[in-house]
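None of the figures in this text is laboratory data; all of them are computed from the coordinates on show. Just so you know, these numbers come straight off a predicted model, no measurement behind them. No Cβ is skipped: glycine too gets one built from the backbone with ideal geometry, and neighbour counts run over all protein chains shown.
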Amino acid sequence: MIRVSHLGVTFNPGTPLEKRALNGVDFTVEPGEFVTLIGSNGAGKSTLLGAVAGDVMASEGSIVIGETDVTRRAAARRAGLVARVFQDPLAGSCGTLSIEENLALAAARGRSRGLASALSRSRRTLFRERIAELGLGLENRLEDQMGLLSGGQRQAVSLVMATLAGCEVLLLDEHTAALDPHMAAFVLELTCRFQAELGLTTLMVTHSMRQALDAGTRTVMLHEGRIVLDVKGDERKGLGVDDLVDMFRKVRGQEIEDDALLL
Ligand SMILES: Nc1ncnc2c1ncn2[C@@H]1O[C@H](COP(=O)(O)OP(=O)(O)OP(=O)(O)O)[C@@H](O)[C@H]1O
């Protein structure tokens with residue numbers, strides 16, 4: 001569960017570069033709920049994910065994950081609660097380490113054990129099993145450097161890494177945006193499968209209206225740091241991509257020029 005109350009984030013306060021990125025955001029993501037988060041450029045989506053992960057500190061308000069008030073906790077002290085996959089396949093893993101070394105680091109997230117104990121024989125078996133589930137044949141390449149993988153393969157491994165240590169919350173920041181359509185569909189299908197199997201409370205930022213309606217069970221739209229739409233259930237089922245685009249148009253007061261939003 002994530003409970004965000006009256007959350008405000010102001011970058012560079014008191015300077016000419018002051019920017020109010022989040023403005024009194026209130027919402028609760030129930031345990032196991034999968035929310036897609038949309039909004040135009042600069043709406044505050046990544047800031048919201050960053051605030052939940054602890055990369056961005058709240059200027060006002062509070063953030064509770066599960067039973068824990070994490071508002072003043074640094075990112076490292078939230079690591080056992082929160083896992084994140086980024087848009088850039090290179091961002092969430094180390095290209096010069098092997099696949100299994102990356103998995104070992106991920107499995108140790110939020111704990112204080114070394115790489116050697118993290119790479120025990122039983123751990124290696126677990127890694128092989130989890131990577132085999134991807135169906136990409138990477139279980140036979142565990143000693144290959146992560147940097148040798150394609151973007152899509154790397155995002156698939158990043159998803160395994162994100163879910164390996166056990167976490168309360170999964171944050172996905174346009175994690176399929178840099179992939180070709182086929183790989184993007186594969187990684188999204190994988191995401192939905194892992195989310196359902198592990199019952200993870202999930203927030204996924206996307207620029208694709210199609211993804212926003214097809215994945216998860218609830219869609220939230222941010223605009224200028226505020227929630228302007230929050231739909232689930234029958235109301236969401238009744239929405240099409242055209243309806244979302246219309247809503248976008250209304251809140252932005254202008255036409256959408258980016259065709260990617262319609263996909
Ligand atoms: N570290 C920072 N310092 C100053 N301003 C920032 C910082 N991070 C974000 N901003 C500003 O805060 C606003 C919200 O940014 P954010 O990245 O959250 O938007 P977004 O909805 O994720 O946009 P996009 O879809 O373009 O990624 C933007 O105006 C952005 O320029």
Checklist entry - Only one of (1) within 11 Å of the ligand (Cβ to nearest atom); (2) at negative phi is not met by Leu7, so which one is it? => result (1)
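Each row is one residue, and each column tells you yes or no for (1) of a type in the set (A, V, I, L, M, F, W, C); (2) free of Cβ contacts under 8 Å to residues at least 40 places away in the same chain.
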{"residue": "Val157", "(1), (2)": "yes, no"}
{"residue": "Thr163", "(1), (2)": "no, no"}
{"residue": "Met183", "(1), (2)": "yes, yes"}
{"residue": "Glu189", "(1), (2)": "no, yes"}
{"residue": "Phe194", "(1), (2)": "yes, yes"}
{"residue": "Gln211", "(1), (2)": "no, no"}
{"residue": "Asp214", "(1), (2)": "no, yes"}
Next on the checklist: Just checking, does the range 103-113 include any residue being surrounded by 14 or more Cβ atoms within 10 Å (Cβ to Cβ), under 18 Å from the mean Cα position of the chain (by Cα) and within 15 Å of the ligand (Cβ to nearest atom)?
Outcome noted: no
Next on the checklist: With the requirement that a residue be assigned to a loop (DSSP other than H, G, I, E, B) and of a type outside the set (S, T, N, Q), what does the range 167-187 give you?
Outcome noted: Cys167, Glu168, Glu174, His175, Ala177, Ala178, Leu179, Asp180
Item to check | Residue satisfying condition, being out of contact with any Phe, Trp or Tyr (no Cβ under 6 Å at 6 or more places or on another chain), in a helix (DSSP H, G or I), farther than 17 Å from Leu170 by Cα and of a type in the set (Asp, Glu), within set Glu139, Glu100, Glu143 | outcome: Glu139
Next on the checklist: Consider the range 53-69. How many of its residues are among the hydrophobic types (A, V, I, L, M, F, W, C) and either within 12 Å of the ligand (Cβ to nearest atom) or touching a His at 6+ places or on another chain (Cβ under 7 Å) (or both)?
Outcome noted: 2
Checklist entry - Does the range 203-221 contain at least one residue that is touching a His at 6+ places or on another chain (Cβ under 8 Å) and within 14 Å of the ligand (Cβ to nearest atom)? => result yes
Checklist entry - Are there any pairs, at least 6 apart or on different chains, whose C-beta atoms fall under 7 Å, with the first in the range 1-28 and within 24 Å of Gln195 (Cβ to Cβ) and the second among the aromatic types (Phe, Trp, Tyr) and surrounded by 14 or more Cβ atoms within 10 Å (Cβ to Cβ), and if so, which? => result Val4/Phe27
Checklist entry - Is at least one residue of the range 149-166 part of a loop (DSSP other than H, G, I, E, B), under 23 Å from Ala51 (Cβ atoms) and out of contact with any Ser or Thr (no Cβ under 9 Å at 6 or more places or on another chain)? => result yes
Item to check | In the range 51-82, residue farthest from Ala108 (Cα to Cα) [restricted to those that are touching a residue at least 40 places away in the same chain (Cβ under 8 Å) and of a type in the set (S, T, N, Q)] | outcome: Ser59
Checklist outcome for this item: Within the range 10-47, the residues that are out of contact with any helix residue (DSSP H, G or I) (no Cβ under 6 Å at 6 or more places or on another chain), within 8 Å of the ligand (Cβ to nearest atom) and on the phi > 0 side of the Ramachandran plot are Asn12, Gly42, Gly44
